[in-house]
Amino acid sequence: MPELQHFQRSDDLDWDRVFAAFDRDGGVIVEGFLDEALLARLQSDVAPLVAKKTPGSTTPGLWTEFHGEQTKRITGLPAVSPAWVELLQDEAYRSMGDRYLGRNEYWLNTGQLICIGPGETAQMLHRDELNWPHAMRDDEITVTAIFALTDFTEENGATVIAPGSNHWEGALPEVPPGTTCRATMPAGSALLYSGKVVHGGGANTTEDEWRVGLHAGFCRGWLRAEENHQLTVPLDVAKTLPADVQYLLGFRSYDPAFGARLGLIDYDDAGRLLEG
Ligand SMILES: O=C(O)CCC(=O)C(=O)O
């Protein structure tokens, strides 16, 4: 039975070993990624949003199924969760982006809560990089963390993942029986995974348990992000955020070392709009 390697976050965790497992399997679990205080603040920041939201997608067709009829998805979190803004600056989380996408060469793709409710069926298996089929190439264009804000169990919808499928040929390969496992992990853990690994949300077979995950991916700065942060985060709020978070949300222009500049205003850094 395939499985993902688990690590425990600590000051002396060897992150090269973590990323070696990431490279081999396409995903890895780091338990204790969020310390207890940050986990508690995240849970309390999002609780009112989760309570207010009704499950299901407003987009018809395939998306209704993909988003999940018994799943609540909530975006725009930097505007309402100081704990999420803090996590966006976490050194270990950012080291995943720096390593695979290049320092300052990526922005936030998604920062969405995915709350899988009782009765939800398994999501279609997919690769995140299929958001940008024309940009797919050998190296990563997107990498993601799913932070567990509740325990993730086989019963409540822990992510289904095919370890090693990051190396499989083809855009969306067949998933042979027996090649997937579940990313079960205690609350506070993070599943870090490749844009190339085949995965999907799991079925929730419980009567009354919600699986709450924070799906937080990075993509290359020259790609259009899945979430439109500049409309979900009001400008007044954006002005109060740390500069590197403003950059991650696209309120500052993409300006990698080699000189390209994207997302400009009056041919200058969009960040000037945040000043004064
Ligand atoms: O919530 C999960 O476990 C995975 C969800 C996912 O992959 C997606 O919605 O793109």
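The values are calculated or read from the model by the stated rules, or taken from the named source; none is laboratory data. In this text the structure is predicted, and so the values were computed from the model without any measurement. Cβ: placed from backbone, ideal geometry, glycine included. Neighbour counts: every protein chain shown. Heavy atoms of the whole protein, side chains included, go into the accessibility calculation; ligands, DNA and RNA do not. Shrake-Rupley method; radii C 1.70, N 1.55, O 1.52, S 1.80 Å.
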If you add up the charges near Ile116, with Lys and Arg at +1 and Asp and Glu at -1, over every other residue whose beta carbon is less than 9 angstrom from its beta carbon, what do you get? +1
Once you list every other residue whose beta carbon is under 14 Å from the beta carbon of Leu223, what net charge do they have if Lys and Arg are +1 and Asp and Glu are -1? -4
Aspartates and glutamates with Cα under 16 Å of Lys239, excluding same-chain neighbours fewer than 8 positions away: Glu86, Asp269, Glu275
How much accessible area per residue does the chain have, counting only protein heavy atoms and a probe of 1.4 Å, in square angstrom? 47
No solvent, one uniform scatterer per C-alpha: report log10 I(q)/I(0) for region 170-275 via the Debye equation at q = 0.09, 0.17, 0.20, 0.23 1/Å, two decimals. -0.40, -0.97, -1.11, -1.30
Divide the volume of the convex hull of the Cα atoms of region 36-112 by its number of residues and quote the answer in cubic angstrom per residue. 124
Can you tell me the dipole magnitude for the chain around its Cα centre, using point charges on the Cβ only (Lys, Arg +1; Asp, Glu -1), in Debye to the nearest 20? 620
In debye to the nearest 20, how big a dipole does region 14-126 give about its Cα centre with +1 on each Lys and Arg Cβ and -1 on each Asp and Glu Cβ? 440
What is the distance in Å between the Cα centroid of region 175-190 and that of region 89-127? 15
Degrees separating the helix 36-52 axis from the principal Cα axis of the chain, which is the longest one: 90
Helix 15-25: inclination vs the chain longest Cα principal axis, degrees, rounded to 10, gives 60
Can you tell me the alpha carbon radius of gyration of the chain divided by the globular rule-of-thumb value 2.2 N^0.38 Å? 0.97
Mind giving me the FRET efficiency for Phe19 and Asp266? R0 is 41 Å, r the Cβ-Cβ distance, nearest 0.05 is fine. 0.55
Given axes a ≥ b ≥ c from the Cα gyration tensor, I'd like to know whether region 220-267 is rounded (a/c under 1.5), prolate (a/b larger than b/c) or oblate. prolate
Percent relative contact order of the chain, based on C-alpha pairs within less than 8 angstrom and at least six residues apart? 25
Which percent of the accessible heavy-atom area of the chain goes to carbon and sulfur, probe 1.4 angstrom? 51
Can you list residues whose amide H is under 5 Å from Thr206's amide H, if they're 5+ apart or on another chain and H is modeled 1.01 Å from N? Gly119
GluC sites (Glu not before Pro) within region 207-276: DSSP coil, no more than 10 neighbouring Cβ in 10 Å: Glu207, Glu275
By how many nm would the segment from Glu154 to Glu36 lengthen if fully extended, with 0.36 nm per residue of separation less the alpha-carbon distance? 40.2 nm
Region 43-162 - percent relative contact order, Cα under 8 Å, separation 6 or more: 26
Cut-off under 27 Å on the C-alpha distance; same-chain residues fewer than 8 positions from Lys196 excluded. Which lysines are left, in chain and number order? Lys72
